[in-house]
Amino acid sequence: MQNNKLTKYILIVFTVWIALQIPRLIAVPIISDVLNGIDDGEWMYPAILDIVVAILSPITIYVLWKKPNTYTWAFLICYFVISIIDHGNAVTAAALAKVPQTFIKMGAESGGNVPIIQSVIDLFCIVLLFSKGIKAYFNLNQN
């Protein structure tokens, strides 16, 4: 029973963390600003990946709860890896380019610190996907 409770808590953590990715749609104005020459081009790729992750988030939450199988488990790993790649690109863009106007309007002075923390959380989620209870939830063979 304890294992089932822990598994449920982990699934809730996944759900909350994935839902918190939806605001990454804030990248839409960044793309517009890059295309209009306001922001540096280094921000284009991280902004596109932000939108991909944000759009996938509701789908990811749905399949997490409604389709627990090997494909969903693999999809979750891909989702978190894409997110980590995006965060790495944001850190790189922050090191190479000026802070986007969208970030400045939100009061951010840099674009590189928060993505490092987010990457650590994404990595922690990937590690949790390999826990015994979560693997059992997704009906993975326990050989």
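Listing for the model above:
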{"quantity": "Qualifying residue in the range 8-27 (condition: at pLDDT 95 or above, surrounded by 13 or more Cβ atoms within 10 Å (Cβ to Cβ), in contact with a Gly (Cβ under 8 Å, 6 or more places away or on another chain) and of a type in the set (Val, Ile, Thr))", "calculated": "yes"}
{"quantity": "Any hit, the range 19-36, residues being over 18 Å from the mean Cα position of the chain (by Cα), assigned to a helix (DSSP H, G or I) and of a type in the set (Lys, Arg)", "calculated": "no"}
{"quantity": "Unique match (being within 12 Å of the chain's Cα centre (by Cα), farther than 22 Å from residue 48 by Cβ and among the β-branched types (Val, Ile, Thr)) among 120, 81, 127", "calculated": "120"}
{"quantity": "Condition broken by residue 105, with the remaining ones in (1) within 23 Å of residue 17 (Cβ to Cβ); (2) modelled with pLDDT under 95 satisfied", "calculated": "(1)"}
{"quantity": "Within the range 64-73, tally of residues that are under 17 Å from residue 9 (Cα atoms) and surrounded by fewer than 18 Cβ atoms within 10 Å (Cβ to Cβ)", "calculated": "3"}
{"quantity": "Residue within the range 46-67 that is closer than 24 Å to residue 140 by Cα and more than 18 Å from the chain's Cα centre (by Cα) present", "calculated": "yes"}
{"quantity": "Test: residue in the range 80-89 that is in contact (Cβ under 8 Å) with a residue 12 or more places away in the chain, over 12 Å from residue 47 (Cα atoms) and touching a Cys at 6+ places or on another chain (Cβ under 9 Å)", "calculated": "yes"}
{"quantity": "Flag if residue 79 is buried (at least 19 other Cβ atoms within 10 Å of the Cβ), among the aromatic types (Phe, Trp, Tyr) and at pLDDT 95 or above", "calculated": "yes"}
{"quantity": "Close pairs (6 angstrom Cβ cut-off, 6 or more residues apart or separate chains): touching a residue at least 12 places away in the same chain (Cβ under 8 Å) and over 22 Å from residue 122 (Cβ atoms) in the range 17-36, of a type in the set (D, E, K, R) and buried (at least 21 other Cβ atoms within 10 Å of the Cβ) anywhere", "calculated": "33/39"}
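The values are calculated or read from the model by the stated rules, or taken from the named source; none is laboratory data. Keep in mind the model is a prediction, meaning the values are calculated, not measured. Ideal geometry is used to build each Cβ from the backbone, glycine not excepted, and the neighbour counts take in all protein chains shown.
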